[in-house]
Amino acid sequence: MFAFLIIVASLPLIPAEEPVEMVRIAVGRFPDLVVEGEGLSLNGAGAASSSSLSKVRFGAGKSGLVIDGKAADAAVVVVRAPLLKLAGHSYRGILEVRYQLYDKKPELLVVHPLDLETYVAGIVSSELPRGWPLASYQAQAVAARTFAITQKMRRIDLPYHMESTVLDQVYGGVEREHALAQQAQESTRGQILSFRRHPAQTYFHAACGGRTESAKEGWGAALPYLPGSACHHCDDAPRFHWTVNIARANVDRAFMRLAKGPITSIKITETTASARAKTVELRTAAGTTTITGADFRRLLGWNVVWSTQIDKLELTSTTLALAGRGSGHGVGLCQWGARGAALGGATYQQILASYYPNARLARLY
Ligand SMILES: [Zn+2]
């Protein structure tokens, strides 16, 4: 795949209407499901194929895929229609329903293959609120396209390249797309960030709270284009400053396995250069346990502790009171910062250069 990328990048541009790069998104895992769509057709299930259906029910039987109550003779069925509906979302063209065993239990994995550009427009629409300036959508489009390419390379031998969750990128299907996101995708078509002829790791997050985190401190691997830097543009973010009170019972429950007993004190023992908690010490009657700041956040909940940039930490007899800045892991592009910079007149190239210094804007196609 690396070789492929380099060859494509050095060839003349391929006409825009040709889909040159596909990505495969895991839509979800289901015990059973219904796909709806006008003029729906199935491939791969032998006699089950038809072009006059509008609704098909899939089940995960003990010995294989079940379609409309009948055992199918295939493990993978491709469902096609101009517009497909599944679990409250709409998808264009194709859904693959794959029978698999997960933890020895039969289930259905649904994969949506689509061209990278459509995916990018969908990601920009899902990741960023409406009403933001175009340059912030363009910066997100380049970051999302690059991120998709790196995930594809990582999972090239799996049935899918990306999950549609915050752990990868949130893809909301067709209904989320909006015109300015499409304009951002179209005006940056094929553009990715690269470093030394490889696609860059273009992490992004909601708001950094004033300073982005370096890849070294965030992920443990130093990358010259993710050194961590000051951001002066995200103070409009709703969680630029945040506070939360967590009940003691929830705190004890979150750390039960690690600390083995009710927590008597919590202390941030080490911080990173961007003032994020690197290590946190939990004390109980039995002794102390040190965990990473990221684990501290994960165990209490990503959407409870919004970032590891914690300014205040107070444990009382009833609550754990936290005050912090920013939301997300803090590495790479700060989405609210991109918005602020764009409102101040920055182009998407300037925005990308500020969050990914030393990375180069390159054309994949
Ligand atoms: Zn920021």
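Throughout, read-outs are computed from the coordinates displayed, never taken from laboratory work. Just so you know, these numbers come straight off a predicted model, no measurement behind them. Here Cβ is always computed from backbone atoms with ideal geometry, including for glycine, and neighbour counts include all displayed protein chains.
The figures follow:
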quantity	calculated
Region 21-116 shape via C-alpha gyration tensor axes, a/c threshold 1.5	oblate
Hits among aspartates and glutamates - C-alpha to C-alpha of K312 under 16 Å, sequence gap 8 or more where chains match	E270, E281
HN-Hα J in Hz across region 58-70 - Karplus 6.51, -1.76, 1.60, θ = phi - 60°, x for Gly and Pro	10, x, 9, x, 5, 10, x, 5, 10, 10, 6, x, 10
Net charge dipole size for the chain [Lys, Arg +1 and Asp, Glu -1 on Cβ; Debye, nearest 20]	840
3J(HN,Hα) from dihedral phi, region 303-316, Karplus parametrisation 6.51/-1.76/1.60, rounded to Hz, x for glycine, proline	9, 10, 9, 6, 7, 9, 7, 9, 8, 9, 9, 10, 9, 10
Cα gyration tensor, the chain - rounded (a/c under 1.5), prolate or oblate	oblate
Radius 10 Å from Cβ of R360, net charge of other residues (Lys, Arg +1; Asp, Glu -1)	+2
Under 12 Å, Cβ to Cβ, from V120 - net charge with Lys/Arg +1 and Asp/Glu -1	-4
Cα centre as origin, Lys/Arg/Asp/Glu Cβ charges: region 21-116 dipole, Debye	220
Under 5 Å, built H, 5+ apart or other chain: amide partners of T319	R248
Cβ-based net charge around E217, under 12 Å, with every Lys or Arg adding one and every Asp or Glu removing one	+2
Selection from L83, H198, G261 lying farthest towards where the dipole of the chain points positive, charges on Cβ	G261
Relative contact order of region 21-116, defined on C-alpha pairs under 8 angstrom at six or more residues apart (%)	34
Dipole of the chain [Lys/Arg +1, Asp/Glu -1 at C-beta], most positive-end residue of L116, S274, N43	S274
Dipole of region 21-116 [Lys/Arg +1, Asp/Glu -1 at C-beta], most positive-end residue of I94, A74, P31	P31
Sorted by Cβ neighbour density within 10 Å, fewest at the top, the residues M153, M162	M153, M162
Residues with amide H under 5 Å from that of L364, placed H, sequence gap 5 or more	Q191, I192
